Amino acid sequence: MPRMKEFTVTILDKPGALARCFAALAEQGINIYAFQSFVEEGESLARLIVSDNLATMKVLGRLGMIFEQTEVAAASLEHRPGALASAAAALGDGGINIDYSYCGFEPGSNHALAVFGVDNLSKATALLDALPTAQ
């Protein structure tokens, strides 16, 4: 699976703020394949993998949201016990430090989409592509 673009979006830490962001994306037909949200230093941050990066940039800009795009390593994993452990072990055995990770669903399949923010993107992508469960 190729590298993927991830959006990190700063969202108000208030009830309904995340829902408004997601609704604005949905109104433009943008599907969210994977996401993670958390509060850090009084701000709510969301990480998103979406179906249309350009349209997402337009929506977030129109909403006046602060965001950035970064590349992350991703793997298509069978939805079964141990698949995520194998991916994390492959990265660890390859000397890759995982800064964060989260999951969603791969578009058009029943496979899990595992997303890893890592310290060596090129090496991590190669290791994840070599997994026997990756497709």
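The values are calculated or read from the model by the stated rules, or taken from the named source; none is laboratory data. Just so we're clear, the structure is a prediction, and the values are computed from it rather than from any experiment. FYI the Cβ positions are ideal-geometry reconstructions off the backbone, even for glycines, and counts take in every protein chain you see.
Checking the structure you have, find out if any residue of the stretch 47-67 is in a loop (DSSP other than H, G, I, E, B), of a type in the set (A, V, I, L, M, F, W, C) and over 16 Å from the mean Cα position of the chain (by Cα).
Scanning the stretch 47-67, I find at least one residue that is in a loop (DSSP other than H, G, I, E, B), of a type in the set (A, V, I, L, M, F, W, C) and over 16 Å from the mean Cα position of the chain (by Cα), so the answer is yes.
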Checklist line | From the options S86, S76, S51, residue that is over 28 Å from L25 (Cβ atoms) and surrounded by 13 or more Cβ atoms within 10 Å (Cβ to Cβ) | finding: S86
Item checked: Selected residue (criterion: nearest to L128 (Cα to Cα)) from residues of the stretch 1-30 that are exposed (fewer than 12 other Cβ atoms within 10 Å of the Cβ) and modelled with pLDDT under 95 -> P2
Next item on the list: Of the conditions (1) touching a helix residue (DSSP H, G or I) at 6+ places or on another chain (Cβ under 9 Å); (2) surrounded by fewer than 20 Cβ atoms within 10 Å (Cβ to Cβ); (3) in a strand (DSSP E or B), K123 clears all except one; give me its number.
Entry: (3)
